[in-house]
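Encoded as structure tokens, the structure appears first; notes follow it.
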Amino acid sequence: METVACASVTSFATTSLPFSFLSQSSIINLPQNCHKSTLKSRSPRKLVTCASSGSSSGSVVTLLDYGAGNVRSVRNAIRYLGFEIEDVRTPKDILNADRLIFPGVGAFASAMDVLTKTGMAEALCTYIKNGRPFLGICLGLQLLFESSEENGPVNGLGLIPGVVGRFNSSNDFRVPHIGWNALQVAKDSEILDDVGDHHVYFVHSYRAMPSDDNKEWVSSTCNYGDDFIASIQRGNVHAVQFHPEKSGGKKFELLILIFVFTCFQFQIVQVPSHWHGNGLFTCIPKPTQGKASKLAKRVIACLDVRTNDKGDLVVTKGDQYDVREHTKENEVRNLGKPVELAGQYYKDRADEVSFLNITGFRDFPLGDLPMLQVLRHTSENVFVPLTVGGGIRDFTDANGRYYSSLEVASEYFRSGADKISIGSDAVYAAEEYIKTKVKTGKSSLEQISNVYGNQAVVVSIDPRRVYVKGPNDVQFKTIRVTKPGPNGEEYAWYQCTVNGGREGRPIGAYELAKVVEELGAGEILLNCIDCDGQGKGFDIDLIKLISDAVCIPVIASSGAGAVEHFSEVFMKTNASAALAAGIFHRKEVPVQSVKAHLLKEGIEVRM
């Protein structure tokens, strides 16, 4: 292993930095649990570490968390790498920071309103104009520009020329842009070293465009209809539109680590690219190599969570929404513990993990502490997007205290959720909108999307197939089905249900999908009660109907039983992602087998 001597290096205690440093030459201590065979089979990156600052704050990262969205994952990633966090409480904290990370989450206007009212906008401008070490993430990049069209125009910090505009949804490009896409690196940038070959995770509806006026800032672009700015760098100022803390670990945890060091006159010494950092590096399996070229199709693991008869929180799986075993005891089907299963799916390279609390929140959503704890514990070690659903709505507790759906959602975002899934409440909101043609802004869907952005809101649709003799037999959208009904019917419509599929409503899946998109949904999770737990494949007729009808991403759910079912749904419909539960829980079809099959079929996936 090559080492480089440094003229002036200050020794740091191993407890205060994720590396052990030696005076006169800085050498990363290799973990003892790395086998020689592993070292021989991997070619290490040539990175060199030298320290030129003896500051006692060398292990502290200042975090600007203005109170919206999920920044828990960023916190966990920073702590996972061995650094301490100091929160910004006043504008002075920004000016005094040695290195500042701003993981902006939510809507542009809401963020600027908070920053301006607290005086932090001015402090941020001063800090960045002085070339101080800064890393912005997602909205933390967008706010650097002159203005945004989101709920606007709204003025930004004005540090980079350009306007943040909405993606063009024409030409079959879904908005929001959600999932793993490829980067085109425009110039040398320490924090993008070796990242360009891999998919990175994006979730946003608005983007900044490269131009002659801002080209000196642009370090990488991404193509989604057009080339947009994926990252910027000028001196010590860095910002990325993608989420390194949600891009699956590996190089992306190192991205944050490298930022911290390079912005403090550190360079990194030979760090094998397949290692994590968590105080000391530990060896992890190296993902299959492959050049990322475009937006990948997502494979999502879903965990239906509920309390069993003993009061334990378990992962279960229904058969057409029946989660009880057909035995004398009639017990709740138990397929494992939520946190452990989520951690395993992260290791298996699932692109997202979705939690659905199928019995909780009935009377007091904010009192469901076990589910909050599941999110908090999961987000400590799972660095892919987490979605949670089940009872996200307005409610009044037994003492007459009213809680808005926004308050409920906020607690789950703060506990580690990246997206909120709304089911029954979205159906009621859609029915009311169809009746009145008025957007009140008061529905849970509207409230949450207005503050956090529509990319943070998933609507879960639970329809049941209803066969009819002809296309004009009902007022709802019907389709000619691939397989005739029990009495030879050639047509069907899909009736939406609420309360876990127990109650049918007078609205079709097609009508619901169109309305929730207009009300602010950023994604649709499309289930099918008829296919649930059957293992015979997704309902292609339904998924094609809905994915052709809307311009937002659609997640196919219910019915997967073999790897071929995933390629079928991606080839025959415009689904952006496919979700499964039971076949993953029972280890009948591993996540990696699905991805290997999709890759073989020419379907781009994140490996």
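The values are calculated or read from the model by the stated rules, or taken from the named source; none is laboratory data. Everything numeric here is computed off the predicted structure, so don't read it as measured data. Glycine also receives a Cβ, built like all others from the backbone with ideal geometry; neighbour counts cover every protein chain displayed. The accessibility values were calculated without ligands, DNA or RNA, using every heavy atom of the protein model including side chains. Shrake-Rupley method; radii C 1.70, N 1.55, O 1.52, S 1.80 Å.
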Averaged over every viewing direction, what's the projected area of the C-alpha convex hull for segment 60-263? Give it in nm², one decimal, please.
10.2 nm²
Roughly how many whole Å is it from the C-alpha centroid of segment 555-594 to that of segment 203-231?
32 Å
Ignoring ligands, DNA and RNA, what accessible area per residue does segment 71-212 give at 1.4 Å, in Å²?
38 Å²
Sorted by mean Cβ packing within 10 Å, highest first, what order do the peptides 540-552, 398-410, 502-514 take?
540-552, 502-514, 398-410
Quick one: Kirkwood hydrodynamic radius for segment 163-232, alpha-carbon pairs, angstrom, one decimal?
12.6 Å
With θ set to phi - 60°, apply the Karplus curve 6.51 cos²θ - 1.76 cosθ + 1.60 along segment 164-180 and write out the HN-Hα couplings as whole Hz, x wherever there is a Gly or Pro.
8, x, 7, 4, 7, 8, 6, 6, 6, 8, 7, 10, x, 7, 10, x, 8
Relative packing of peptides 469-478, 339-348, 557-566 - highest average C-beta neighbours within 10 Å first
557-566, 339-348, 469-478
Taking a quarter of the surface of the convex hull around the Cα atoms of segment 412-555, what do you get in nm²?
9.3 nm²
Accessible surface of segment 60-263, 1.4 Å probe, proportion on carbon and sulfur as whole %
42 percent
Quick check on packing: order 157-163, 373-379, 519-525 by the mean number of other C-beta atoms within 10 Å, highest mean leading.
519-525, 373-379, 157-163
Within 15 Å, Cβ to Cβ, of GLY119, how many net charges do the neighbouring residues add up to if Lys/Arg are +1 and Asp/Glu are -1?
0
Portion, in percent, of the accessible area of segment 455-530 that falls on carbon or sulfur, probe 1.4 Å:
43 percent
For a 20 Å ceiling on Cα separation, which of these pairs sit above it: LYS514/LYS544; LYS536/LYS587; LYS442/LYS544?
LYS442/LYS544
Taking only pairs that are 8 or more places apart or on different chains, how many Lys pairs in segment 60-263 have Cα atoms under 23 angstrom apart?
8
